[in-house]
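Structure first, then comments.
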């Protein structure tokens, strides 16, 4: 006998017993509710299905289990201001600095897309660092991100991973914002909550976020590892650049380097010694590709302008000799 037939039979028995169950639409004394049917096949009633937990920090799920469309916040970067400060900007694609970063980015993109001299795991994860503070790593990170964003086939996520002394937003003329540390610390914060879409079509920012005394442990945590795995593999066309702390003064960059496919070390001309460079490189032996950019070297011109002078890279710790010779 079906459930409906059982209900009709029960209602008939109640009428025979003199119980007023009311006409359709009347408010009368209703019989006790029928017991919920038992699912003999072991399936869960959809009405009773519990809310799905988020599958990753990239997405959240609502009460019905459906994916929530969370859009990153839009910010506007003053490109005219950046151009005056000597940065690469899309409106001046033939500037001296833009041409230099075209040279710098080519082998980086080749490695990221598996077209380099050898396959590189996580080749699209690129860490920009230096031996000590003040050598220009953040300037390099932003310019590299800007230059790659001008490519037709690549999108860029610029991550401010210098959580102790974040500077990317400040250099771009933007106010502080939540970011990486908040994602790692707060279960309720997902990556789309803190991403900043910019008026540069293919450039997205991930700020450092809230400073934390256990930043090194957070960057070495399982949550960070999972985040890096998703960043590396979720979007095949996306290049992720990490502006990280200097190698000689903190341990955060050493932790990050273990997950990177490529590391770009900025060297300041006339200041960074061979010994400092060798010590810095020795700390990132595990990274398969290490590159160097010589910064703040004078051009042949006599106008006193400082900019990028040279570039070199190598596999498994080998640095191109002519670049090493130029390090003062």
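The values are calculated or read from the model by the stated rules, or taken from the named source; none is laboratory data. Bear in mind the structure is a predicted one, so any value in this text is a computation, not a measurement. Cβ: placed from backbone, ideal geometry, glycine included. Neighbour counts: every protein chain shown.
For this structure, a couple of remarks:
- Scanning the range 139-170 for residues that are closer than 21 Å to residue 265 by Cα, surrounded by fewer than 21 Cβ atoms within 10 Å (Cβ to Cβ) and in contact with a helix residue (DSSP H, G or I) (Cβ under 6 Å, 6 or more places away or on another chain) yields one hit, 167.
Matching residues to (1) buried (at least 21 other Cβ atoms within 10 Å of the Cβ); (2) modelled with pLDDT of 85 or more:
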| residue | (1), (2) |
| --- | --- |
| 192 | no, yes |
| 196 | yes, yes |
| 200 | no, yes |
| 207 | yes, yes |
| 212 | no, no |
| 216 | no, no |
| 239 | yes, yes |
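- Restricting 138, 130 to those that are farther than 18 Å from residue 205 by Cβ, touching a strand residue (DSSP E or B) at 6+ places or on another chain (Cβ under 8 Å) and touching a residue at least 24 places away in the same chain (Cβ under 8 Å) reduces the list to 130.
- Qualifying positions in the range 115-135 - within 18 Å of residue 152 (Cβ to Cβ) and either surrounded by fewer than 16 Cβ atoms within 10 Å (Cβ to Cβ) or more than 22 Å from the chain's Cα centre (by Cα) (or both): 115
- Of the residues making up the range 273-293, those that are touching a strand residue (DSSP E or B) at 6+ places or on another chain (Cβ under 9 Å) and at pLDDT below 90 are 287, 288.
- The residues in the range 241-254 that are buried (at least 20 other Cβ atoms within 10 Å of the Cβ) and either at pLDDT below 90 or closer than 22 Å to residue 113 by Cα (or both) can be counted, and the count is 5.
- Whichever residue in the range 218-229 is surrounded by fewer than 18 Cβ atoms within 10 Å (Cβ to Cβ) and in a helix (DSSP H, G or I) and, among such residues, is farthest from the chain's Cα centre (by Cα): 222
- Residue check, residue 270 surrounded by fewer than 21 Cβ atoms within 10 Å (Cβ to Cβ), over 26 Å from the mean Cα position of the chain (by Cα) and modelled with pLDDT under 85: no
- Selection of the range 83-127 for residues being assigned to a strand (DSSP E or B) and under 21 Å from residue 200 (Cβ atoms) yields 125, 126.
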